[in-house]
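Asks: Starting off with a structure, shown below.
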There are 2 protein chains.
Amino acid sequence: MTDRALVDELLTLVEPGKVLTDAASLEAYGKDWTKHFAPAPLAIVFPKSTEQVQAIVRWANQRHVALVPSGGRTGLSAAAVAANGEVVVAFDYMNQVLEFNEFDRTVVCQPGVITEQLQTFAEDKGLYYPVDFASAGSSQIGGNIGTNAGGIKVIRYGMTRNWVAGLKVVTGKGDLLELNKDLIKNATGYDLRQLFIGAEGTLGFVVEATMRLDRAPNNLTAMVLGTPDFDSIMPVLHAFRDKLDLTAFEFLSDKALAKVLGRGDVPAPFDTPCPFYALLEFEASTEEVANQALATFEHCVEQGWVLDGVMSQSQQQLQNLWKLREYISETISHWTPYKNDISVTVSKVPAFLKDIDAIVAERYPDFEVVWYGHIGDGNLHLNILKPDDMSKDEFFARCATVNKQVFETVQKYNGSISAEHGVGMTKRDYLTYSRSPVEIEYMKAVKAVFDPNGIMNPGKIFAAP
Amino acid sequence: MTDRALVDELLTLVEPGKVLTDAASLEAYGKDWTKHFAPAPLAIVFPKSTEQVQAIVRWANQRHVALVPSGGRTGLSAAAVAANGEVVVAFDYMNQVLEFNEFDRTVVCQPGVITEQLQTFAEDKGLYYPVDFASAGSSQIGGNIGTNAGGIKVIRYGMTRNWVAGLKVVTGKGDLLELNKDLIKNATGYDLRQLFIGAEGTLGFVVEATMRLDRAPNNLTAMVLGTPDFDSIMPVLHAFRDKLDLTAFEFLSDKALAKVLGRGDVPAPFDTPCPFYALLEFEASTEEVANQALATFEHCVEQGWVLDGVMSQSQQQLQNLWKLREYISETISHWTPYKNDISVTVSKVPAFLKDIDAIVAERYPDFEVVWYGHIGDGNLHLNILKPDDMSKDEFFARCATVNKQVFETVQKYNGSISAEHGVGMTKRDYLTYSRSPVEIEYMKAVKAVFDPNGIMNPGKIFAAP
């Protein structure tokens, strides 16, 4: 069947104007935030209902057309890239909040709801959607579920998985499943909902998600603390965790801070220069809690773990302290960073980081290295910046040669080669560093249950057969 | 092959003395707390290592012998019953805490670790294992994972699922999988760990589990509140939940209370008789919190939602208030109760309960009905007590005729026919009231991936093929 004939059939499945094939759309919808693959989709289709999604999937099975789900396309692993003539299924027109239940604290969302839209919706109701990260302004709930998005509040609130009360999905066979029906307790066999969370669209499409909300946090307060070395960050984490219910514990290196301060629009936290910084947050719900935080700070200074620090006294100061951390990713994107998103258990972080640091120092002596991440949950972002005078191709090729060594170290520490960015195409060939070959065979067999013809986002997580 | 020859082979797979075939052992290990099925296993085998578990599974595949996992055998759905010549695999000799990590707050457990053993272990370390329920003194971690055990603290801490950092499992094919490696963040494909949680041993055996601990709760304080009717319980829940971080919110009917007080060893909470009672708990970490609780109590009295109430002022009083709730199950077991363990979303509880109550009043006019449950998470335990002069068989037969109507109501409210007890054999034939036929087909196909020969706990969740 010709491409033209396929598109003609596709046109009959959705509303007029909801299939795009112009070059600009193919370019825009065929890629995510990774820039490694040239987009080359056959067409972009915009379903407006579950029925239309089912029709598209059934048609794709008939015609053996590969489908790629597309949300906010903010992914960092090329899981939403269409580089091989696939049909991109974009959820921009399934973007409504359908229902709110104040007693259950749940919101029924279509997959195209923007993360920030849900956060704001919750706030308007006096509640809180706690999954938050740099791309919340454009990422979509469907995509968050597909990658089990994490971010900056995981230490307290967990990943997206924790907030999914129920899912409606269309499987790769075109069946509509209603998973878990929003129940808190439901012991009636395998929780298939969990399979779809983090599946990167390889099993089916999420067409509706019931998300839980939490009570609004009470007087969130942040501290930024400078430490004399990386090793001091861990005792600081433990000291504060023992005394307070932390909502975040992040870290950044002096280079990361310098890049953000270089923008000129964020004030420095304090004058003392430090090689590493921790940013922590808690609910200062009473004066007692705030005093406890200050006492712990003083204890850390006495122990020599902290050189200087500051605590937010207002919403404005809270936001300014957070900008030091949240602006890093955007700021360094100017240098086309090569990103590693790796994790180990928290207790292994110091030894792991030392090993990785040695590799980086040896293999990237001429490159600028920016460290930051969610240290409270063992997730480190290692960013290698491209020298201005090196071509992108040469830079990525050189970085790739170091990957093996980095991932061997991840494997040695029983860690993850992708903490929160997913596998997509960029980590696919390294999957065995985190999952055994036997386990990968089981994963493939599970995929075959939901997507026997392999039409759902082929080539993502696993190589296309 | 004869039974004798099979047992002779089995004997070669484990240590001497670790296969039992005497009548008393077959009787004891062949059943759980349900009394509906006559135990009739071929043998009981006690592996002492992962390698022995693998050897047993491989042998069972070769010989087409069915295996039934056995933990504390406190289950209430006959998921651990061996009534058809199966080999029971009991984990009594794999009952060690292998490792503790204070920084990660994790404990590596063998499957036979008793729930209370883990709770005490955590306490000794100044930490907390928050999954708690009436049978914690004899249930095992492996069994908790198999049923995704819930209990009395779910409103704050969630189900067992939330506390499983990593699993080692032997699949029905005999493969050893290390699932998630205890990581907080790990976005490397399908989270197969989640499938094994709540699978009731139908996919494989858990041979090691890394469980998370939480910080110890700070001055837990309970209130028991009497309400004029069931409908008043929900506004009380919402009033308290809006002001406090509740760790529990349970309810019981006057009949449930009367049964417990009838024991003579637990003091009444107060004198005012009330048709329903709520038991709630929170951390009174500061005086401010305790005052907030009292103010909320007064608000509820003013609104007419609460007739009387009491707040614990000591550990002893806290324990006594909890006994009013925790002793119910054991106390009513004297009357051979027919148990229903059903759930809906919290907001639907009042309407749902009214419907169920009408059915019960109409169909069980001559039976005593005891209501209690975890109202904060929508989970209701409906217990029908057997009249002393009725035979067990007649009683269960009469109850079974009402099931259809109860489960139709559950289905109408999009609820679960088994909130936390699992499916096993007792709910198997009713599964379609909570899961669609299409979804059940997917579940069966997932089972076939992990257990292609159907040797793992056949006849549980689904009918044996």
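The values are calculated or read from the model by the stated rules, or taken from the named source; none is laboratory data. This is a predicted model, so every value here is computed, not measured. Ideal geometry is used to build each Cβ from the backbone, glycine not excepted, and the neighbour counts take in all protein chains shown. These accessible areas exclude ligands, DNA and RNA; they are computed on the full protein's heavy atoms, side chains included. Shrake-Rupley method; radii C 1.70, N 1.55, O 1.52, S 1.80 Å.
Asks: Restricting to segment B:235-249, what's the tally of residues that are part of a strand (DSSP E or B) and surrounded by fewer than 23 Cβ atoms within 10 Å (Cβ to Cβ)?
Replies: 2
Asks: Taking segment A:440-455 as the region of interest, how many residues are out of contact with any Lys or Arg (no Cβ under 8 Å at 6 or more places or on another chain), among the hydrophobic types (A, V, I, L, M, F, W, C) and in contact (Cβ under 8 Å) with a residue 60 or more places away in the chain?
Replies: 2
Asks: Limited to segment B:348-377, what total is found for residues that are among the small types (G, A, S) and within 26 Å of the chain's Cα centre (by Cα)?
Replies: Number satisfying all stated conditions: 3.
Asks: Please work out which residue is farthest from B:T34 (Cα to Cα), limiting yourself to segment B:58-68 and to residues that are open to solvent by less than 30 Å² (accessible area, probe 1.4 Å) and touching a residue at least 60 places away in the same chain (Cβ under 8 Å).
Replies: Of everything passing the filter in segment B:58-68, B:N61 is farthest from B:T34 (Cα to Cα).
Asks: For segment A:401-434, enumerate the residues that are closer than 24 Å to A:A464 by Cα, touching an Asp or Glu at 6+ places or on another chain (Cβ under 9 Å) and at the interface with another protein chain (Cβ under 7 Å from one of its Cβ atoms).
Replies: Residues satisfying the conditions are A:S416, A:I417, A:S418, A:A419, A:E420, A:H421, A:G422, A:V423.
Asks: B:K181 fails exactly one of the following numbered conditions: (1) closer than 30 Å to B:W59 by Cα; (2) in contact with a Ser or Thr (Cβ under 9 Å, 6 or more places away or on another chain); (3) touching a residue at least 40 places away in the same chain (Cβ under 8 Å); (4) basic (K, R). What is the number of that condition?
Replies: (3)
Asks: Same structure again: Within segment B:167-189, track down each residue that is over 21 Å from A:L192 (Cβ atoms), facing chain A (nearest Cβ under 9 Å) and open to solvent by less than 10 Å² (accessible area, probe 1.4 Å).
Replies: B:L183, B:K185
Asks: Find the helices (runs of 4 or more DSSP H) located wholly in segment A:1-65 whose residues include 1 or more that are among the basic types (K, R), and list them.
Replies: A:3-11, A:50-63
Asks: Given the criteria of a type in the set (K, R), within 30 Å of B:R212 (Cβ to Cβ) and at pLDDT 90 or above, does A:K412 qualify?
Replies: So A:K412 fits the description; yes.
Asks: To continue, here is another question. Go through (1) over 22 Å from A:V68 (Cα atoms); (2) more than 14 Å from chain B (Cβ to nearest Cβ) for A:I375 and report which single condition fails.
Replies: The one condition A:I375 does not meet is (2).
Asks: Assess whether B:S416 counts as being touching a Leu at 6+ places or on another chain (Cβ under 6 Å) and open to solvent by less than 10 Å² (accessible area, probe 1.4 Å).
Replies: Criteria met by B:S416.
Asks: Answer with yes or no whether B:D214 is without any contact (Cβ under 8 Å) to a residue 12 or more places away in the chain and not polar (S, T, N, Q).
Replies: no
Asks: Can you say whether A:V207 is within 22 Å of A:L76 (Cα to Cα), in contact with a helix residue (DSSP H, G or I) (Cβ under 8 Å, 6 or more places away or on another chain) and either buried (at least 22 other Cβ atoms within 10 Å of the Cβ) or at the interface with chain B (Cβ under 8 Å from one of its Cβ atoms) (or both), as far as the supplied structure shows?
Replies: In short, no.
Asks: Might you check whether a residue that is within 14 Å of chain A (Cβ to nearest Cβ), farther than 13 Å from A:G189 by Cβ and among the small types (G, A, S) occurs anywhere in segment B:443-453?
Replies: yes
Asks: I'd like the full set of residues that are part of a loop (DSSP other than H, G, I, E, B), without any contact (Cβ under 8 Å) to a residue 60 or more places away in the chain and within 17 Å of B:K185 (Cβ to Cβ), limited to segment A:406-439.
Replies: Scanning segment A:406-439 gives A:S434, A:R435.
Asks: While we're here: So B:V53 passes all but one of these: (1) crowded, with 20+ Cβ neighbours inside 10 Å; (2) over 19 Å from B:K173 (Cα atoms). Which condition number does it fail?
Replies: Every condition holds for B:V53 apart from (2).
Asks: Going residue by residue through segment A:74-94, is there one that turns out to be over 30 Å from A:K35 (Cβ atoms) and crowded, with 21+ Cβ neighbours inside 10 Å?
Replies: Looking through segment A:74-94, none of the residues is over 30 Å from A:K35 (Cβ atoms) and crowded, with 21+ Cβ neighbours inside 10 Å.
Asks: Enumerate the helices (runs of 4 or more DSSP H) found wholly within segment B:252-366, keeping only those where 1 or more residues are open to solvent by 40 Å² or more (accessible area, probe 1.4 Å) and within 18 Å of B:D231 (Cβ to Cβ).
Replies: Hits in segment B:252-366: B:254-261, B:287-302, B:349-363.
Asks: Can you name the residue in segment A:102-112 that is open to solvent by less than 40 Å² (accessible area, probe 1.4 Å) and not basic (K, R) and is also farthest from the other protein chains (Cβ to nearest Cβ) among such residues?
Replies: Among them, the one singled out is A:G112.
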